[in-house]
Each structure stands twice: as structure tokens, then as C-alpha cells.
Amino acid sequence: MTYDLIVVGGGVAGSSLAQRIAEDGASVLVVERETQFRDRIRGESLQPWGVAEARKLGVAPTLEPSATELRWFEQSINGQRAFRRDLAATTMPAEAMWGLYHPAMQERLLAQAAAVGAEVRRGVTVQQILPGRRPKVLVGNVGQATEFEARLVVLCAGRNPPLHPAWL
């Protein structure tokens, strides 16, 4: 099959990209290794500038229902409040911070990408990425891989992706 875009990794970045591009009518395939996102140690908040970027990108309506607004930043020194800062009033984007449970954020964004037309395949492994004018992605098990072609392939496989030597 041929797509305009293949996104390898359906986490926050990959599913946000897929949603935005699919909304504009492009054919998008998201390939995600996990069948269910799990909790890992990572940041679970969007700083005010991240909230502003989520609004610009168009993914804020997907995230906002599960976000907790963290309007105030407080700092204490030796148990005494040193200061309290109103983030929305004192940051350039005039936004508060959002607290989110990361796996829920990933699930919501990936579901929204699918809802606007991206094809999502979960529980599959990328075996090889073949560069070229029309790059190809081999997905599945060795000997049973399915080949997909796209105008563009984007790797959004997280902070420490399990890069297979064949991908390089």
C-alpha cells in the first residue's frame, strides 16, 4: 500500500503529527509497537509554551479534557513559601501548565489521529526502512513482513528508540 506519510511511533509526537496531516486530507499510516501504552518515568506536564504549541497544532481539544490545569508555580525554601507565581499571568503564551497522565495522553492522541482518518496499526514491529525517492517500510515478523510505501517516512519512536541496524 502507498501513503503520503508513514509515521513510525504512535506516541505524543507521532500521533500529533499524524492527526494534523490526516486532517488536511493526506493518507497517513501510523505504526506503533505497543498494543497498550505503559507508564514510564517521564514528564507528565506540558509547560505553558507546550500548551500554546498544542493549541497551534490543533491537538489541545484532544488533550484538554484529561488535563489538570496547574496555574500556580510555588517554591518553598526550608518549608517556607518563597514565592507563588501565576503562570498564565506571567508567561509569554499566557497559559497555565497542564498535568497529564502520559499513557492516557498517548491513547487519546492516537485515537484522535485514527478518528480523523489516519490508519493505525498497533502491536507491529518495523523490520526495515528502505530509503529512496519513495521510501518503504517493512512491518511485521521476519519472513512475513508487509511492505508499505510513502512520500515521507518520519521516525517518532521516542527518546531511546530500539533502532534496528536495518533501519540505518
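What residue, of GLN36, GLN47, is in contact with an Asp or Glu (Cβ under 9 Å, 6 or more places away or on another chain), polar (S, T, N, Q) and over 30 Å from VAL139 (Cβ atoms)? Exactly one of GLN36, GLN47 is in contact with an Asp or Glu (Cβ under 9 Å, 6 or more places away or on another chain), polar (S, T, N, Q) and over 30 Å from VAL139 (Cβ atoms), namely GLN47.
You will find that of LEU152, LEU130, the residue that is surrounded by 13 or more Cβ atoms within 10 Å (Cβ to Cβ), in the same structural domain as VAL8 (by TED's automatic domain parsing) and modelled with pLDDT of 95 or more is LEU152 and no other.
Highlighted here are the helices (runs of 4 or more DSSP H) found entirely within the range 1-111 that include at least 1 residues which are surrounded by fewer than 13 Cβ atoms within 10 Å (Cβ to Cβ) and under 18 Å from the mean Cα position of the chain (by Cα): 48-57, 60-63.
The values are calculated or read from the model by the stated rules, or taken from the named source; none is laboratory data. The structure displayed is predicted, hence computed values, not measured ones. Using ideal geometry, Cβ is built from the backbone for each residue, glycine included, and neighbour counts are taken over all protein chains shown.
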